[in-house]
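Written out below as structure tokens is the structure these notes cover.
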Amino acid sequence: MATTHQLTPPRLHHPSASASSAARVRATATLAHPLLLSRRVRLAAPDSRSPSLSQRHGRRGAMSVRSSLIDPDGGVLVELVALPDRVPALRAEAEALPRVRLAPVDLQWAHVLAEGWASPLRGFMREHEYLQSLHFNCVRLPDGGLVNMSLPIVLAIGDADKEQIGGKPDVALQGPDGGVVAILRRVEIYPHNKEERIARTFGTTAPGLPYVDEAIAPAGNWLIGGDLEVLEPIKYNDGLDHYRLSPRQLRNEFDKRGADAVFAFQLRNPVHNGHALLMNDTRRRLLEMGYKNPILLLHPLGGFTKADDVPLPVRMEQHSKVLEDGVLDPETTIVSIFPSPMHYAGPTEVQWHAKARINAGANFYIVGRDPAGMGHPTEKRDLYNPDHGKKVLSMAPGLEKLNILPFKVAAYDSVAKEMAFFDPSRSQDFLFISGTKMRTFAKNGENPPDGFMCPGGWKVLVDYYNSLQAEEATPVPV
């Protein structure tokens, strides 16, 4: 059941007063970009005047990009896109290398790695990194410290690929369309024990796990790791690329707006007024704590999702209407797409979601009921305990510097006719509208109770489901 949750007091970590001046340098301001379909919403786009990674460092790799709020994992943001003037030579080099074709999900993970979301990783995991991630949910740094890394970020290959590569140290990676997108260097090939990976990541090997069916079960029996060099920033040309802000771009925008707190809210569903209640209440609570300008990072997941989830373009249009209708304040909200694929791995995956937002500069992370969860694929129950995600985040190694904001339940108040925080003393007045029920309303062209979702956002969903029904009713030529 999809419910929402009220803020309870978090553990707080403020920047140390003794932090070095280098750690406090504010990033270069970026230009604002209008949100799709909404001129009121400001988004960051790269400033052509701002020095690029190549201009600052002469080559790809680690760079000291920090907002004033929180350092990236490992202390530096690891970006893996090659210098523009190296690209012709890299393309020529790739012509002589063995090639591996990336599936769409693999390309999404290459995007994640290239922009530094998984810092300090420098490429697809080699075996020692994979084993640490799989068994400990962490990776140890050279200085002995730990960073959280709860999901293995790996690239699978088949027997024919392994034989083709042989003992060669470098491999060219082709996108799904066949074009070369990256070179993987100093590669290491090791066995892909799918059953162990599935069991340890998901806590079950039950059939019907969406990510397993999409990306693990059909994958090869070997994993290949190495240092990644991406030729050019990864784009999808789907009309949404301007939403896909990198960690560096987000940090720049937070500093441009003078944020002294950034609270991230991940979602893979349309925003209803219960979500908005929680986000607005979080900002209110942060102001009461003494912060002057908390900024909301509304950060929908943009990679692989299961078939019955609302598609990304529809969600982004719906989010636009939420801001157009004033449900959230465009001046204190940044809407951006998080490029990661979705595992639906519950407490294990929510650690990844939180860790990636550290690298983007968020120092607060909102977590509610059953984060990254789903229904059991073969039984009528939740796959994970709905309370374990927020409990795990409060204890997870490597996430100590992130402030975790857990919530209590919010639901539809049938007396006040609005989304409100659940009051157990009058539980009979509250209606819980699950995601399934919301989708059923939209599919049937029915309106939800007044105050559940802004009218503009609801119309987007109804129009989407109407379009699906029209497609299903259209005869297929024989």
22 Å Cα-Cα threshold exceeded, pairs from Lys194/Lys306; Lys194/Lys391; Lys256/Lys292; Lys321/Lys443; Lys306/Lys443: Lys194/Lys391
Helix 346-359 vs. the chain, principal-axis angle (Cα, 0 to 90°, nearest 10): 70 degrees
Low-density loop cleavage sites - trypsin sites (Lys or Arg not before Pro) in the range 312-399, where at most 14 other Cβ are within 10 Å (DSSP): Lys380, Arg381
Relative contact order (%) - criterion: Cα under 8 Å, at least six apart; region: the range 349-478: 17 percent
Candidate values [x] 1.03; [y] 0.96; [z] 1.00, label of the one derived for Rg/Rh (Cα atoms, Kirkwood Rh): [y]
In Hz, Karplus ³J(HN,Hα) per residue of the range 145-158 (6.51, -1.76, 1.60; θ = phi - 60°; x = Gly, Pro): x, 10, 10, 6, 7, 7, 10, x, 10, 10, 10, 8, 9, x
Length-normalised contact order of the chain in % [C-alpha pairs under 8 Å, at least 6 apart]: 21 percent
Over the range 84-230: Kirkwood hydrodynamic radius from C-alpha pairwise inverse distances, Å: 15.9 Å
Mean shadow area of the range 402-478 over all directions, Cα convex hull, nm²: 8.5 nm²
Helix 312-324 axis, angle to the chain major axis (alpha carbon atoms, nearest 10°): 50 degrees
Per residue solvent-accessible surface (Å²) - the range 84-230, probe of 1.4 Å: 41 Å²
Normalised contact order of the range 84-230, rounded percent, pairs of Cα under 8 Å and 6 or more residues apart: 32 percent
Per residue accessible area of the range 241-473, 1.4 Å probe, in Å²: 35 Å²
With all protein chains modelled, accessible area of Thr474 [1.4 Å, Å²]: 80 Å²
Apportionment of accessible area to carbon and sulfur, the chain, percent (1.4 Å): 52 percent
Sites matching GluC sites (Glu not before Pro) across the range 323-392 that sit in DSSP coil, with at most 14 neighbouring C-beta atoms within 10 Å: Glu379
In the range 210-313, trypsin sites (Lys or Arg not before Pro) in a DSSP loop with at most 10 other beta-carbon atoms within 10 Å: Lys235, Lys292
5 Å binning of all Cα-Cα separations within the range 241-473, expressed as whole percents from 0 upward: 1, 6, 13, 17, 21, 19, 13, 7, 3, 1, 0, 0
Anisotropy class of the range 377-443 from Cα gyration tensor, a/c 1.5 cut: oblate
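The values are calculated or read from the model by the stated rules, or taken from the named source; none is laboratory data. Just so we're clear, the structure is a prediction, and the values are computed from it rather than from any experiment. Virtual Cβ from ideal backbone geometry, glycine too; neighbours counted across all protein chains shown. The area values use the complete protein model at the heavy-atom level, side chains included, leaving out ligands, DNA and RNA. Shrake-Rupley method; radii C 1.70, N 1.55, O 1.52, S 1.80 Å.
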